[in-house]
Amino acid sequence: MSNELFEAMCQSVIDGDPDAAAALAEQSIHDGVDPLEAIDLGYVAGLTEVGARFSTGEMFLPDMMLAARAMQRAVAVLEPEMTRRAMHRQVLGRVVLGTVKGDIHEIGKNLVGIMLSANGFEVHDLGVDVPPERFVETARSVGADIVGISARLTTTMTGQRDVIRALDAAGLRPGVKVLVGGAPVTRAWSTDIGADGYAEDAIGAVALSRELVGVAGTV
Ligand code: B1M
């Protein structure tokens, strides 16, 4: 049953159909499906396929935009359920989160933000295309424990190093820890640029953030 549902979710993203994507998300909540599984096995599978078809010239930028819209509608439906399942009351730490300058991909970063909030972090989401100085200003003004920097393009990854340099120059480190992620980012890259940690996905970002603020135990 879930497999059929995941396939339909995947297809709704490929079709760029936000109404279908949202309706399937509602159905999955009703059926008791884990929202993270719905995202990973359903909607992200659809986005991956759209990305592959974009690479081969079978789909174009408007198709990617529609696919992203469908995904975002589904995530908006699933978000309260994710929060309900992972609710923690105590604030574990403050995270300033954003996608680097020149990069407007936000879906992965938003998932990281949702999971961090649902697991007890206070998240200050700066959005996309964020210049280093905004990360610095906000980290200072909110008293951040962690700055989370997302990058989705090989050409924008260097923006993560720019943010780290700006935080260093402002004297905010090592007090503020830096977490980096995004599909082209690797552990080796995170070490190279002097980040405090790298997470492959949203769950990993929660586990690592807990470590970085010194909270024991798993998510
Ligand atoms: Co674009 N795009 N895109 N795109 N897009 C990719 C990324 C691409 C791989 C497609 C392809 O060619 N196959 C390719 C990048 C190639 C590369 O650099 N290696 C690409 C390109 C080339 C472009 C443009 C340049 C296209 C153009 O204009 N010619 C352009 C760039 C615009 C810009 O940013 N300046 C562009 C534009 C867009 C849209 C605007 C249309 C849209 C984004 C809409 C939006 O976000 N609101 C879009 C989309 C949707 C995609 C694909 C299809 C999906 C990306 C996505 O959201 N994935 C993507 C193809 C693909 O993925 N196969 C593609 C789902 C998401 C859940 O995964 O972002 O990896 P991800 O996040 C994960 C982890 O990486 C991790 O956790 C998340 C959840 O598990 N993670 C973190 C992410 N951030 C983290 C931070 C952390 C920790 C973990 O700590 C802080």
Compute the length gained on full extension between F60 and T186: take 0.36 nm times their separation in residues and subtract their Cα-Cα distance, giving the result in nm to one decimal.
42.6 nm
Which value in deg cm²/dmol, rounded to the nearest 500, describes the helix-derived mean residue ellipticity at 222 nm for the chain, given -39,500 (n - 2.57) per DSSP H run of n ≥ 4 and division by the residue count?
-16500 deg cm²/dmol
With a/c under 1.5 counting as rounded, go ahead and sort region 119-200 into rounded, prolate or oblate using the C-alpha gyration tensor (a ≥ b ≥ c being the square roots of the eigenvalues; past the cut-off, prolate if a/b is larger than b/c, else oblate).
rounded
Loop chymotrypsin sites (Phe, Trp or Tyr not before Pro), region 35-77 (other Cβ atoms within 10 Å of the site Cβ: 12 or fewer; DSSP):
F60
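Could you tell me how many cubic angstrom of Cα convex hull volume region 64-106 has per residue? Provide the component values of the computation, followed by the final result.
Working: hull volume 3.3 nm³, N = 43.
Considering the Cα atoms of region 64-106, their hull volume per residue is 77 Å³.
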Distance in Å, no decimals, from the C-alpha centre of region 25-99 to the one of region 165-201 is 24
Rounded, prolate or oblate, given the Cα gyration tensor of region 99-138, with a/c below 1.5 counting as rounded?
oblate
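Determine the equivalent ellipsoid of the chain by diagonalising the alpha-carbon gyration tensor, then write out the semi-axes as square roots of 5 times the eigenvalues, largest first, rounded to whole Å.
On the way: eigenvalues 182, 89, 35 Å².
For the chain, the ellipsoid semi-axes come out as 30, 21, 13 Å.
Quick check on the exposure proxy: order L36, L208 from fewest to most C-beta atoms within 10 angstrom.
Least to most surrounded, the residues fall as L36, L208.
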Name the GluC sites (Glu not before Pro) in region 113-219 that are in a loop by DSSP and that have at most 15 other C-beta atoms within 10 Å, would you?
E200
If you take the square roots of the eigenvalues of the alpha-carbon gyration tensor of region 15-123 and sort them as a ≥ b ≥ c, do you get rounded (a/c under 1.5), prolate (a/b over b/c) or oblate?
oblate
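Values in this text are rule-based calculations from the coordinates and carry no lab data. Computed from a prediction, not measured in an experiment: that's the story for all the values here. Ideal geometry is used to build each Cβ from the backbone, glycine not excepted, and the neighbour counts take in all protein chains shown.
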